[in-house]
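Presented below is the structure to which this report refers.
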Amino acid sequence: GINAEYGECEGKFRGCVVSHVGHSPAQSRVFNVRDQVLSKMAFIKEQLEPDTKLYLVGHSFGAYLILQMIEKGVEAEKSVLLFPMFDSMAEMPKAANLQKMLQYQIFITGIAWLTSLLPYTLRRKMIQFYLQRFSKNTQDHMAYTIFELISPASLNNVFGLAQNELAVVREPNFKLIQKHQESLVFYYGMFDMWAPLNCLRKLRKNVPEVKFHIADSDVSHTFMFGSCRKVARKTVQLITDDLPYDMTNLLPNVDEVKAAAAEQDYDFCED
């Protein structure tokens, strides 16, 4: 994704991707939400020049991390929050699936340990075969990333962080968003069940002048499996103000959204 984004901005920005601490490379201790926030802040302080113009882009839970960083004093020229999951995570439609996975944490980690005994080449091919089910455009770096994440130590961190997220990501700080609304842009998916349009309606109700954009219907929460370049292009446009923010007339068809929500057993509210 970062290569696509760099290409779209024609080298005008220098991009850095900061992963979740403890995920890759794996570490024995489990890092919680607070640790993730502080690690990103430490990267900015230690790796960037003090006068650097900072543009933050966060996907899903990364949007929550950005808001936490801003609350702790990080100053950014603009922040783009992609498919932003920062509102009552445990109540989102997809949370039930995550909670079921957490119940089988020991079993899943055990499978990962057994898989780690297989030859490296075979494991890579198994991952690449699995990824092809999602997208024919899957690139090698995605297989490598997943390869790193399915180690037992990494999975312990993934599950540990997920449990902490469910407990910590609660009601949004709308006062903070309103205070910084000029530098925040929210990019929602049309049928995203981690950040459904109910969340956008709630956001607009509390922060009426908030800047937002809605992705095309074919761009999902997991856009990295096929829509990287499209999202990169939109992200750069949002950073450089090449897209309008008043999208009221372009909200998706309500019946279409209701149908998608019904498939996920989610109650979509029009108000």
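With 24 Å as the limit on Cα-Cα distance, the pairs of K78/K179; K78/K175; K40/K230; K100/K202; K72/K179; K45/K202 that go past it are K40/K230; K100/K202; K45/K202. The GluC sites (Glu not before Pro) of the range 40-88 that meet both conditions, a loop assignment by DSSP and at most 16 other Cβ atoms within 10 Å of the site Cβ, are E75, E77.
The HN-Hα couplings worked out from phi for the range 127-132 by the Karplus form 6.51 cos²θ - 1.76 cosθ + 1.60 (θ = phi - 60°) are 5, 5, 5, 5, 5, 4 Hz, whole numbers, x standing for Gly and Pro.
Computed over protein heavy atoms with a 1.4 Å probe, the accessible surface of the range 35-139 works out to 60 Å² per residue. Annotation: amide H-H contacts under 5 Å for L184 (H modelled 1.01 Å from N, sequence separation of 5 or more, or interchain): S79.
Close amide H contacts of M190 (hydrogens built in the peptide plane, cut-off under 5 Å, sequence separation of 5 or more or a different chain): A215.
The values are calculated or read from the model by the stated rules, or taken from the named source; none is laboratory data. Since the structure is predicted, the reported quantities are computational estimates derived from the model, not experimental observations. Note that we place each Cβ from the backbone using ideal geometry, even for glycine, and neighbour counts take in every protein chain shown. Each accessible area value is taken on the protein alone, full model and side chains, heavy atoms only, with ligands, DNA and RNA left out. Shrake-Rupley method; radii C 1.70, N 1.55, O 1.52, S 1.80 Å.
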